[in-house]
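As structure tokens, the structure follows; a few thoughts come after it.
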Amino acid sequence: MNLEIFQLDNSLLFNDTSVIIVEVENIKFYRSLIESFHCISEFETPAIEMRLYENNEELNIANETVIITDILDFDFKQRVFITKIYKQLEKQYHNNKEIDLIRAPSTYRHSVK
């Protein structure tokens, strides 16, 4: 997937297992960026023009957006947050073919008398 923020020089490439960290020195742009992500999560038009797409198809991330601006003050025990983490882990587990191919050895043994 690509996240294109039109004020940035390059689009941000990521997948389901990646985490993107963007360091913003311009305080006004940082504020606009955070407000824009908040607008997207509330199904409103963002101040900064941005687009998330995969294979030239635009994706809606309103239901998937979690904005954490202060990691020390964030409550990681929130039920909604934990549920999303478990769903993502389960999805990754089922999508990973290496894990699906690993099978425990059979415990049944046939003996001939």
Every residue in the range 39-54 that is within 15 Å of the chain's Cα centre (by Cα) and either over 20 Å from ILE21 (Cα atoms) or without any contact (Cβ under 8 Å) to a residue 40 or more places away in the chain (or both), please. ILE40, SER41
I need a count of the residues in the range 51-100 that are of a type in the set (D, E, K, R), open to solvent by 90 Å² or more (accessible area, probe 1.4 Å) and more than 24 Å from LEU3 (Cα to Cα). 6
Condition check for LEU33: surrounded by 10 or more Cβ atoms within 10 Å (Cβ to Cβ), at pLDDT 80 or above and under 30 Å from ASN95 (Cβ atoms): no
Across the range 55-75, the tally of residues that are within 14 Å of the chain's Cα centre (by Cα) and in a loop (DSSP other than H, G, I, E, B) stands at 7
In this structure, does ILE27 turn out to be among the aliphatic types (A, V, I, L, M) and open to solvent by 50 Å² or more (accessible area, probe 1.4 Å)? yes
Does at least one position in the range 11-22 carry a residue that is touching a strand residue (DSSP E or B) at 6+ places or on another chain (Cβ under 7 Å) and open to solvent by 80 Å² or more (accessible area, probe 1.4 Å)? yes
Can you confirm whether the range 47-54 contains a residue that is outside any strand (DSSP E or B) and at pLDDT 85 or above? yes
As an exercise: evaluate PHE43 against (1) among the aromatic types (Phe, Trp, Tyr); (2) surrounded by 10 or more Cβ atoms within 10 Å (Cβ to Cβ); (3) closer than 24 Å to ILE85 by Cα and give the number of the one condition it does not meet. (2)
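The values are calculated or read from the model by the stated rules, or taken from the named source; none is laboratory data. These numbers were taken from a predicted model, which means no experiment stands behind them. Cβ atoms come from the backbone with ideal geometry, glycine included; neighbour counts cover every protein chain shown. Calculation scope for accessible area: heavy atoms of the full protein, side chains included, ligands and nucleic acids excluded. Shrake-Rupley method; radii C 1.70, N 1.55, O 1.52, S 1.80 Å.
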